[in-house]
Amino acid sequence: MRTYKPKDNVQAKAYYTDRFWVAPQVPKSDVAEDAVFAADLEALKSKFDIKDAYIQVEQMVVYINPCDNFEVIKFMRDELEYTQLSELSAIDWIAKSNQFEIFYQMLSMKKRKRVRIKMFINNGEAVNSVEKLFRSADWSEREMYDMFGIVANGHPFMKRILMPYDWQGFPLLKTYPLEGDEFAAWYEVDKIYGKEARDIIGPELRDTARVDRYDSERFARLGFEIPYGAEVKDDAAPTVQSYQEEGGVFMIKKFDKETSVVIDDPQR
Amino acid sequence: MKRYDLRHLKDNFEPRMKEILGTHKAGEVAIFLFEIGDFSAVQKSADIVKESGYELMNSLKFNEVDWTIVVKK
Amino acid sequence: MQVKNRLTPFFENITFDRDDNELILNFGPQHPSAHGQLRLMLHLQQEMIVKAHPDIGYLHRGMEKMAENMIYNEFMPTTDRMDYIASSSNNYGFALAVEKLIGLEVPRRAKVIRMMLLEINRLMSHLFWLATTALDIGAMTVFLFAFREREYLMDIIEGYCGARLTHAAIRIGGVPLDIQDTFIAQLKAFLDKLPQNIKDYEDLLDSNRIWRMRMEGVGHISTEMALSWGCTGPMLRASGVAWDIRKEEPYELYDEVKFDVPYSDKGDNFARYRIYMEEMRQSAKILYQTIDMYEETVKNNQTELMAHAPQYISAPKLDIMTQNYSLMQHFVLVTQGMRPPVGEVYVATESPKGELGYYINSQGGPYPYRLKLRAPSFWHTGILTDLLPGHYIPDVVSIIGTTNIVFGEVDR
């Protein structure tokens, strides 16, 4: 029986998977091992409901409820001296549990520690914006909205940042194909010339090595040169190309071989 | 481990190969690539390697026209 | 001939005149000193900027999407195209992230070569920054000097990895090639000349009235604003926070190398300029020490260049050509790609522009499940919204210069 492949994840998948192979896990250690992290976690636990916390690759990962993300980050910044929000983005788990996982990567310069605050939100939910606490979240949240469609409530300019403002579809979703969907393929044509011009202009040529031998406007015919735009006939006379090395036309008129010096020191 | 492509020398790759084999230190590995021609080159390369005191680790047919040998001092 | 089209006049480089005499000017995507494709919409009251709105995305290639469809080794050349001025530091960031995910130990000689590549890249990036910023403000000679210096570095890098700009010189697990025999000689020749060259630039620029007027007091970033906007690298160090990842969270061999971290509390363009110049000297100092470390590895004969982890890294060429099992392993690793364990990692390294972070979430497959690239220039462009109001148009040029933004990194 063929193994079931989830249709809602159209990204590249390994074509061969050993059925009985279980992928190893990156070691997760308990938070108590690191004093600084343990203290931070205690402080967090006293105020918020922490779902899960562990240390992975020398960084603490803390799972929280999505509703109190603003307070947690405010608490981290003010009480626990986490000075910078280095990164904020999302991971698409729609195929598995119809959820997004959002992570806030924070850095404490005094303690030289990095923490990752994570939370799960359902597909279609919005998050409250932390832009008031860290201005860097302003652009990160716009990029998250642009790429995943997760809206940040209370954001001053909740619009797309990388794609054009009127782009439809969220590119980083697992259901969005790598080559782009139908809207992406016809975006410029629709904007400039309208839907009707689609069949006149024809689809975008994505093959960079495409050569059309009967198109003399875009492609040159080396050895069988014909005027620009002339109609191409296969029996054109070959054009003779004479090179200087083979005794053909000498390019430099006043070049004197005896007085010239060959420089081969690359440092000159 | 250094790789040497002697394919452009076609048949007379032996002098260049001898010269390269002279420069290597002990324990260093050299991989040569040369044209097969009429299959005499394979035997000649094996002789050169033995003659200059190298150990022939591997001798493979690289593709239709090329042969590759892995030698170690 | 302008084709009659339904395009609303939103994208074109059109200036709108409003009744309250506020002019919206596009510091357009095609602008000589925009350091790439930045469309900065400036609301102007005469020459003063009232509101600035950077619009980015013109160089967006969807690198994070490509990462999800590429195996780990295949993604390495794509990381070159992120910060194309210093591409080895991107490669290194990605390689370090994957190595931490797998838990690999890189051999010592590979570490030393990587350090050399990183510091050469830092010098190349700073020289490029100095050239373009000075050119934007009008100092043509500094532009020509700095590019001439950069040519020497590019010859060294080209000798090593065959490319001038997109190096892809660092693999996951080590370094593909040993350095060529002219590497150390050329590097030493360059490093001996560098202090004198830097002194020349400073003589040209420091006492130049135009340079000081355009740079001092312009683009002041306070410490809270820098921290709040997530500025890192020279931008942060100019605003009074001495945070350098090479010093605070030493990776590779930065703990064995002696160097200082320049920082100042002025926060304006001139402070950033001073920091870049000082960082060039520090990089030269580091490079001298790495040359000694390299000679030491030659002395005690540590010659492996790639880590030894059969299920992740393919064996050295000798084994592949002679051992049957390593040939099979190599074949599987090249065609299907290695499969790191399930887990996630965020690794930050100090690229010439700032903190370059890679967040990799892998679910055990050969393709990373999610790969987020934290590019420092992204937020250095964002800060323009809060920084530019109150400045004048010529200041925009010098501010964009000193923020050292590269749009391959901003748009990814």
#### Entry: Of residues in segment C:235-288 being free of Cβ contacts under 8 Å to residues at least 24 places away in the same chain and farther than 24 Å from C:K193 by Cα, the one surrounded by the fewest Cβ atoms within 10 Å (Cβ to Cβ)
C:D255
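Of everything in segment A:13-32 that's out of contact with any Gly (no Cβ under 9 Å at 6 or more places or on another chain) and surrounded by 10 or more Cβ atoms within 10 Å (Cβ to Cβ), which residue is nearest to A:V72 (Cα to Cα)? Full working, then the answer.
Kept after step one, since they are out of contact with any Gly (no Cβ under 9 Å at 6 or more places or on another chain), are these residues of segment A:13-32: A:15-16, A:18-20, A:29-32.
So of that shortlist, the ones also surrounded by 10 or more Cβ atoms within 10 Å (Cβ to Cβ) come out as A:29-32.
Values: A:S29: 23, A:D30: 21, A:V31: 18, A:A32: 20 Å.
Residue satisfying both the conditions and the ranking: A:V31.
Each row is one residue, and each column tells you yes or no for (1) closer than 21 Å to C:M66 by Cβ; (2) surrounded by 10 or more Cβ atoms within 10 Å (Cβ to Cβ).
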| position | (1), (2) |
| --- | --- |
| A:D181 | yes, yes |
| A:A184 | yes, yes |
| A:D190 | no, yes |
| A:Y193 | no, yes |
| A:R198 | no, yes |
| A:S216 | no, yes |
| A:G229 | no, no |
### Summary
Residue pairs qualifying under the 9 Å Cβ cut-off, at least six apart or on distinct chains, with the first in segment C:136-161 being closer than 28 Å to C:P176 by Cα and the second being of a type in the set (S, T, Y) and part of a helix (DSSP H, G or I), are C:I156/C:T182; C:I157/C:S88; C:G159/C:T182; C:C161/C:S88
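Results for (1) without any contact (Cβ under 8 Å) to a residue 12 or more places away in the chain; (2) facing chain A (nearest Cβ under 7 Å); (3) not in a helix (DSSP H, G or I), shown as yes or no for each residue.
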| position | (1), (2), (3) |
| --- | --- |
| C:T349 | no, no, yes |
| C:Y359 | no, yes, yes |
| C:K372 | no, yes, yes |
| C:I400 | no, no, no |
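So, in segment C:224-251, how many residues would count as being of a type in the set (S, T, Y), more than 10 Å from every other protein chain (Cβ to nearest Cβ) and more than 18 Å from the chain's Cα centre (by Cα)?
Here is the first cut: in segment C:224-251, the residues of a type in the set (S, T, Y) are C:228, C:232, C:239, C:251.
If we keep only those that are more than 10 Å from every other protein chain (Cβ to nearest Cβ) too, we end up with C:239, C:251.
Right, trim to more than 18 Å from the chain's Cα centre (by Cα) and you get C:239.
Matching residues across segment C:224-251 total 1.
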### Query
Of (1) within 11 Å of another protein chain (Cβ to nearest Cβ); (2) surrounded by 20 or more Cβ atoms within 10 Å (Cβ to Cβ); (3) over 30 Å from C:I56 (Cα atoms), C:G354 satisfies all except one. Which?
(3)
### Message
Take C:D83 and tell me if it is of a type in the set (D, E, K, R) and under 15 Å from the mean Cα position of the chain (by Cα).
### Response
yes
### Task
Would you mind stating whether C:G408 is at pLDDT below 95, more than 7 Å from every other protein chain (Cβ to nearest Cβ) and within 27 Å of the chain's Cα centre (by Cα)?
yes
### Query
Before we move on, is C:I313 among the aliphatic types (A, V, I, L, M), over 30 Å from A:D78 (Cα atoms), in contact with a helix residue (DSSP H, G or I) (Cβ under 8 Å, 6 or more places away or on another chain) and not assigned by TED's automatic domain parsing to the domain that holds C:S351?
yes
### Task
Mind listing whichever residues of segment C:33-80 are within 14 Å of chain A (Cβ to nearest Cβ), assigned to a loop (DSSP other than H, G, I, E, B) and over 21 Å from the mean Cα position of the chain (by Cα)?
C:N69, C:M70, C:I71
### Message
Checking C:P376 against (1) out of contact with any Phe, Trp or Tyr (no Cβ under 6 Å at 6 or more places or on another chain); (2) over 19 Å from C:S88 (Cβ atoms); (3) more than 7 Å from every other protein chain (Cβ to nearest Cβ): exactly one of these is not met. Which one?
### Response
(2)
### Message
Report every pair of residues separated by at least 6 positions or lying on different chains whose Cβ atoms are under 8 Å apart, first residue within segment A:37-51 and over 21 Å from A:R112 (Cα atoms) and touching a residue at least 24 places away in the same chain (Cβ under 8 Å), second aromatic (F, W, Y) and in a helix (DSSP H, G or I).
### Response
A:K47/A:F75; A:F48/A:F75
### Query
Which numbered condition trips up C:Q323, out of (1) more than 12 Å from chain A (Cβ to nearest Cβ); (2) touching a helix residue (DSSP H, G or I) at 6+ places or on another chain (Cβ under 8 Å)?
(2)
### Query
Applying the selection to segment A:13-44, what residues are of a type outside the set (S, T, N, Q), over 16 Å from A:E81 (Cβ atoms) and touching a Phe, Trp or Tyr at 6+ places or on another chain (Cβ under 9 Å)?
A:K13, A:A14, A:K28, A:D30, A:V31
### Message
I'd like the full set of residues that are among the hydrophobic types (A, V, I, L, M, F, W, C), under 28 Å from the mean Cα position of the chain (by Cα) and farther than 15 Å from A:G169 by Cβ, limited to segment A:183-203.
### Response
A:V189, A:I192
### Task
Just give me the residues in segment A:21-38 being more than 12 Å from every other protein chain (Cβ to nearest Cβ) and hydrophobic (A, V, I, L, M, F, W, C), in sequence order.
A:V31, A:A32, A:A35, A:V36, A:F37, A:A38
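The values are calculated or read from the model by the stated rules, or taken from the named source; none is laboratory data. All values derive from a computational prediction rather than experimental measurement. Reconstructed Cβ throughout: ideal geometry from the backbone, glycine too, with neighbour counts over all protein chains shown.
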